[in-house]
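**Q** The following block contains the structure, expressed as structure tokens.
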Amino acid sequence: MKILFIRLRLIGDVIFTTPSIRAVKRCLPDAHLTYVVEREAAPILSRNPHLSDLIVVDRPQGLQRLTYDFALAESLRAARFDAVIDFHGGPRSSWLTWCTRAPLRIGYSVPFRNWAYTDHVPRSRRLEARHSVVNQWDLLAALDKRLGGRPDPQRDSVEMTEDLDVTGAIKHRLAQAGVGPTNQLIVIHVSAGNVFRQWPADYFVQTIATLAKTDPRRRFVITSGPSDRGAKNQIVAVLSTQVRQLVMLDEELDLVELRSLIGLAALFIGGDTGPLHLAATTSVPIVGIYGPTLAARSAPWRDPTYSVETADIGTLSCRPCNQRHCEPGDFRCLTRLAPSIVVAAAERALEQCRVTSS
């Protein structure tokens, strides 16, 4: 059986589909599994052991998009897939799903897109917050009834296969930067993907300064996305006058390198964005910083024996929101989330890991 998965973009959302990939392969071990993904998120899946093929696509603009997508659609149709699962549910992915002409085309029941699918799965409208992994999993039962029910985070954790050669190279770079076996490496990702999730830069400065003062063995690597390097450099510039424990790697990290770096750390701290869920593919303790989003919907999805701490402001009348407009106008879900809350969560995560390993 030839099965095609489609989830085009966003690192965290692609990571959230990996439990479903594993489940389908476990249920249908002889199936040939192919995944279509855009280039930015492709490294998440490049070493996935359950996939037979990975189709990496670009996203050209204007008229080039039409030419590109028609050629892509033709190649997908020629592959003669037996089933397609559209995890994405957007205009492009639904059109590509329809173009395959697969006998079984599974997608969410969304207005103006139902024509693309043979089997429609309603999005849950229940009041309780539902994790994105569970929403993705809902699509599987239409493929095989044995895949119904709910995913188990211990059995069905997210995954990204480690590249051991890259990990070795990162170890070497850390050693060159002065990080030794007695040091406690903390990776802090200061990007958030959009302004509505961006914890203030000076809060990151205060958090790192406090954690550094508590234990001189700690070493800190600050990471960011390409669009937020200016903010990262500003944080580094301020901290360089206060903290001697910053680790400066000589080059920017790609996704595979970032996964290896996090895997070598004692702790990861970051907002609800792709690298937070990249960290969930490791066993490293995690502190997730949540503003307008809820951990119940997008917490790191992995074996619960691994430490995960959530830092948020709690209940607000405007939280969660659609992240298009801040109704109060002051981003209070972020600005009221004091550095002391994140520091306390970090210390709890480190202590839990120490107790578990002792």
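The values are calculated or read from the model by the stated rules, or taken from the named source; none is laboratory data. If you're wondering where the values come from, they're calculated on a predicted model, not measured in any experiment. Cβ coordinates were reconstructed from backbone atoms using ideal geometry, including for glycine residues, and neighbour counts include every protein chain displayed.
**Q** Condition first: touching a residue at least 12 places away in the same chain (Cβ under 8 Å), outside the structural domain of residue 27 (by TED's automatic domain parsing), assigned to a helix (DSSP H, G or I) and buried (at least 16 other Cβ atoms within 10 Å of the Cβ). Can you find one or more residues in region 174-193 that meet it?
**A** Yes; the residues of region 174-193 include at least one that is touching a residue at least 12 places away in the same chain (Cβ under 8 Å), outside the structural domain of residue 27 (by TED's automatic domain parsing), assigned to a helix (DSSP H, G or I) and buried (at least 16 other Cβ atoms within 10 Å of the Cβ).
**Q** Moving on to the next point. State yes or no: is residue 352 within 18 Å of residue 193 (Cβ to Cβ) and either assigned by TED's automatic domain parsing to the domain that holds residue 136 or not β-branched (Val, Ile, Thr) (or both)?
**A** Answer is no for this residue.
**Q** For residues that are buried (at least 20 other Cβ atoms within 10 Å of the Cβ) and out of contact with any strand residue (DSSP E or B) (no Cβ under 7 Å at 6 or more places or on another chain), scanning just region 293-306, find the one that is nearest to residue 232 (Cα to Cα).
**A** Among them, the one singled out is 293.
**Q** Looking at (1) surrounded by fewer than 14 Cβ atoms within 10 Å (Cβ to Cβ); (2) within 29 Å of residue 163 (Cβ to Cβ), which is the one condition that is false for residue 330?
**A** (2)
**Q** While we're here: I'm trying to understand the selection: among the residues of region 239-251, which are surrounded by 13 or more Cβ atoms within 10 Å (Cβ to Cβ) and within 28 Å of the chain's Cα centre (by Cα)?
**A** Correct list: 239, 245, 246, 247, 249.
Matching residues to (1) among the β-branched types (Val, Ile, Thr); (2) in contact with a Phe, Trp or Tyr (Cβ under 8 Å, 6 or more places away or on another chain); (3) in contact (Cβ under 8 Å) with a residue 40 or more places away in the chain:
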| residue | (1), (2), (3) |
| --- | --- |
| 261 | no, no, yes |
| 274 | no, no, yes |
| 310 | yes, yes, no |
| 325 | no, no, no |
| 330 | no, no, no |
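**Q** Continuing with the same structure: Can you tell me which residue in region 84-94 is farthest from residue 134 (Cα to Cα), limited to those that are surrounded by fewer than 20 Cβ atoms within 10 Å (Cβ to Cβ) and in contact (Cβ under 8 Å) with a residue 24 or more places away in the chain?
**A** 92
**Q** List every residue pair whose Cβ atoms sit under 6 Å apart, with the two residues 6 or more apart in sequence or on different chains, where the first one lies in region 49-76 and is of a type in the set (Val, Ile, Thr) and the second, anywhere, is not in a helix (DSSP H, G or I).
**A** 55/36; 57/38
**Q** Kindly establish whether residue 316 is without any contact (Cβ under 8 Å) to a residue 24 or more places away in the chain, over 19 Å from the mean Cα position of the chain (by Cα), over 17 Å from residue 11 (Cα atoms) and surrounded by 15 or more Cβ atoms within 10 Å (Cβ to Cβ).
**A** Yes.
**Q** Which pairs do you get when a residue that is without any contact (Cβ under 8 Å) to a residue 40 or more places away in the chain and part of a strand (DSSP E or B), found in region 95-117, comes within reach of a residue that is of a type in the set (Ser, Thr, Tyr) and buried (at least 22 other Cβ atoms within 10 Å of the Cβ), reach meaning Cβ atoms under 8 angstrom, with the pair 6+ apart or on two chains?
**A** Taking only residues 6 or more apart or on different chains, the pairs are 105/97; 105/117; 106/117; 107/94; 107/97; 107/117.
**Q** Could you look through region 219-238, keep only residues that are of a type in the set (D, E, K, R) and more than 18 Å from the chain's Cα centre (by Cα), and pick out the one that is modelled with the lowest pLDDT?
**A** Looking at the filtered set, the residue picked out is 229.
**Q** Turning to a different aspect of this structure: From the list 354, 332, 302, 259, exactly one residue is charged (D, E, K, R) and farther than 30 Å from residue 169 by Cα. Which is it?
**A** 332
**Q** Right, something else. Of everything in region 186-238, what is touching a Lys or Arg at 6+ places or on another chain (Cβ under 8 Å) and farther than 25 Å from residue 41 by Cβ? Give them in sequence order.
**A** Within region 186-238, 186, 211, 212 qualify.
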